[in-house]
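One structure below.
The values are calculated or read from the model by the stated rules, or taken from the named source; none is laboratory data. Quick caveat, the model's predicted, so the values are computed rather than measured. Backbone-built Cβ (ideal geometry, glycine too); neighbour counts: all protein chains shown. The accessibility values were calculated without ligands, DNA or RNA, using every heavy atom of the protein model including side chains. Shrake-Rupley method; radii C 1.70, N 1.55, O 1.52, S 1.80 Å.
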Amino acid sequence: MIVFDLKCTDEHVFEAWFGSSVAFEAQRERGLIACPYCGATDVTKAVMAPSIPAKGNTRSMPSNLPTPEAMKAAFQALAAAQVKALETSEWVGRAFADRARAMHVGDAPVAPIHGQSTAAEVKDLVEEGVPIAPLIVPVVPPEALN
């Protein structure tokens, strides 16, 4: 397999994989390659940086990676911030989608809430323009604590 950076007539650059250079040319000539951005089938190879493998098995780790301790501290800070934000939010459980939708259309007063939804409910809310966001840290439902 070989990967090429390709460019359409509208200057969109995208990546595509082919079995060989010959396979790329055959597909290009038959108009089988289309720009994923605009659908143009007139594409050419774009200029690519050469792929030079690392010498032997020596690969250096980037020096700007956080330490495990720093990652743990960041996650704990994030969890604490979420706990603080949820102090003023009402747990509505499985009624989340219905409550959020009612607030969005004006059938209920707007208030901070959190709860549970299925993937299908979330998709519907997003498509309807209901402003929602997932919680970053999982929350144990209050009824599960008893």
Give the residue that is farthest from the chain's Cα centre (by Cα), with candidates limited to residues of the stretch 28-40 that are touching a residue at least 12 places away in the same chain (Cβ under 8 Å) and open to solvent by 70 Å² or more (accessible area, probe 1.4 Å).
-> ARG28
Taking ALA111 as the residue in question, decide whether it is under 23 Å from GLU143 (Cα atoms), open to solvent by 50 Å² or more (accessible area, probe 1.4 Å) and small (Gly, Ala, Ser).
-> no
Answer with yes or no whether GLU25 is open to solvent by 100 Å² or more (accessible area, probe 1.4 Å), modelled with pLDDT of 90 or more and closer than 30 Å to LEU6 by Cβ.
-> no
